[in-house]
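Each remark here refers to the structure printed beneath this line.
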Protein chains: 2
Amino acid sequence: MLDTTTPRRRTDTRKRLLDLAERSILAKGFASTSIDELIAGVGITKSGFFYHFKDKNDLARALLRRHLDHERAIMDELFRRADELNDDPLHGLLIALRLFAEMMAELEEVHPGCLVATLCYQDQLFDQTVHALNAESVLAWRRRFRARLDAVAKRYPPSEPVDLDALADMVSTIIEGGLVMGRALKDPSILPKQILLYRDLIRRSFAR
Amino acid sequence: MLDTTTPRRRTDTRKRLLDLAERSILAKGFASTSIDELIAGVGITKSGFFYHFKDKNDLARALLRRHLDHERAIMDELFRRADELNDDPLHGLLIALRLFAEMMAELEEVHPGCLVATLCYQDQLFDQTVHALNAESVLAWRRRFRARLDAVAKRYPPSEPVDLDALADMVSTIIEGGLVMGRALKDPSILPKQILLYRDLIRRSFAR
DNA sequence: GGCTTACTTTACCTTGGGTACAGTTCAGCA
DNA sequence: TGCTGAACTGTACCCAAGGTAAAGTAAGCC
């Protein structure tokens, strides 16, 4: 990843726009985050905004790409920590899920919510590139957990047949659903609890 | 000039507005469903719209209330059918979940998505009444499934302690998450599969 | 025949997402 | 020291969408 933009003056305006937009979009949604509000926040003019992003869609695209990179880094680190202490795939996965639940619980306030859902439910505001990026993000989670589940199933063949893709997708399902629930009920404890229930399902699915 | 085929005076205009709005909002989101589009669709003027609803929020409120009633009726009927054939609470719940998965699978195209999430992720567009209605809808699901789970746990005491509220909330979590996933991947088969996985968790949780 | 319901008509306001394009400021290089 | 290009500013204007305000009108009901 090379930094192609090495501007002279305010070198971080683009980044500050992205930061502010991310916060605002997660808090209020994309449609309700106005360009006016963003430029007021970072102290530039409307023309300045359009210098950095060709339109609002372009902003969404940049935001999503950055988010995906960040998310991947966090999950890589989480699994690294989970694998550090043992080499059993099932234990590793269970530890990772516990760490993940704890991580989600530590965000004391209601979790800002996931860009995936935010983008999904405002479909027509975005172009094909944004939709593709969104889908790719979900598929990355499927691949990550599917690989883990394959390793687990190999070591601990399940007593009943299990749909491993569906089981892998359930992670994303629970995160997205848990965030919606947490938002609807204004209760941030829901998501971590749901993750632990998923952990339970994994444990029971591969128990000897 | 008078158009005799479309009488000036109709009694179902409000209903037709709600129907069209529901379809449009589920397909495109609330923010992107314009009043202009709705009035063009039902053939009235803008003032006509504001005669029926004081503003867009009022439309959302009416829509949500109608949706909640409809949803409740559907679930009542589903559980009635599930209970018809047996009187074991666990079997009844498992049958209901299978029926529910089948129901979701039968909506061939990508399911329109749930109003709860749609409303959640566009928070600031709505007032307190809408948020309260939304939360109430989720709580209704919790109560419904919590009652079922209580009956199951009474008959089949779980071997390990189970958080029954979280387990009840997991239904909503999976529906909301499954819809988001289905939308992101344009794959309507995801939600039914996730519901069946949940069914599996229930089965395993109360297995003797 | 009068009241109510269900609108229409006209006119105007504000916010927000742009487009267009000319001008300005400053860092770094040659 | 002056030129270039990146990062903007400023001005001006367009269109869509969500309203607001208020008067008028046609049809149905008692």
Can you find, among B:177, B:57, B:92, the residue farthest towards the positive end of the dipole of chain B? Put +1 on the C-beta of Lys and Arg, -1 on that of Asp and Glu. B:57
Let me have the 222 nm mean residue ellipticity of the protein assembly as shown computed from DSSP H runs of 4+ only, each contributing -39500 (n - 2.57), with the sum over all residues rounded to the nearest 500. -24000 deg cm²/dmol
Counting every C-alpha pair in segment A:10-53, the percent lying more than 17 Å apart is 21 percent
Using a 1.4 Å probe on the protein heavy atoms, what percent of the accessible area of segment A:10-53 belongs to carbon and sulfur? 53 percent
Once B and A are treated as a pair rather than alone, how much accessible area drops out, both sides summed, in Å² to 100, probe 1.4 Å? 4200 Å²
Inter-copy spacing of residue A:48 label points, which lie 7 Å from Cα along Cα→Cβ, given in nm from shortest upward: 4.7
With each label point set 7 Å from Cα along the Cα-Cβ vector, what nm distance links residue B:35 and residue B:69? 2.4 nm
Under a 1.4 Å probe, what is the accessible area of the protein assembly as shown per residue, stated in Å²? 49 Å²
Unit charges at the beta carbon, dipole of segment A:55-205: most positive-side option, A:149, A:189, A:132: A:149
Normalised by the number of residues in segment B:55-205, what is the relative contact order in percent for Cα pairs under 8 Å and 6+ residues apart? 32 percent
Between copies, how far does the label point of residue B:71 sit from its twins, in nm, shortest first, when each point is 7 Å from Cα along Cα→Cβ? 2.4
Whole-Hz Karplus couplings 3J(HN,Hα) for segment A:160-174, θ = phi - 60° and coefficients 6.51, -1.76, 1.60, Gly and Pro as x, run 10, x, 10, 7, 5, 5, 5, 5, 5, 5, 5, 4, 4, 4, 5
Label geometry 7 Å along the beta-carbon vector: residue B:106 inter-copy distances in nm: 4.7
Projecting the Cα atoms of B:207, B:68, B:158 onto the charge dipole of chain B, where Lys and Arg contribute +1 and Asp and Glu -1 at Cβ, the residue farthest towards the positive end is B:68
Which shape class, rounded, prolate or oblate, goes with the protein assembly as shown when its Cα gyration tensor gives a ≥ b ≥ c as root eigenvalues, a/c under 1.5 marks rounded, and past that a/b bigger than b/c marks prolate? oblate
Rg over Rh, two decimals, segment A:89-208 (C-alpha only, Kirkwood Rh): 1.01
If you place +1 on the Cβ of every Lys and Arg, -1 on the Cβ of every Asp and Glu, and leave all else neutral, what size is the dipole of the protein assembly as shown about its Cα centre, to the nearest 20 Debye? 420 debye
Rounded to the nearest 20 Debye, what is the dipole magnitude of chain B about its Cα centre when Lys and Arg each give +1 and Asp and Glu each give -1 at the C-beta? 320 debye
When the dipole is taken about the Cα centre of segment B:161-208, and only Lys, Arg (+1) and Asp, Glu (-1) are charged at their Cβ, what size is it in debye, to the nearest 20? 300 debye
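The values are calculated or read from the model by the stated rules, or taken from the named source; none is laboratory data. Small disclaimer: the values here were computed from a predicted structure and weren't measured. Every residue, glycine among them, receives a Cβ derived from its backbone with ideal geometry; neighbour counts consider all protein chains shown. These area figures cover heavy atoms from the full protein model, side chains too; ligands, DNA and RNA do not enter into them. Shrake-Rupley method; radii C 1.70, N 1.55, O 1.52, S 1.80 Å.
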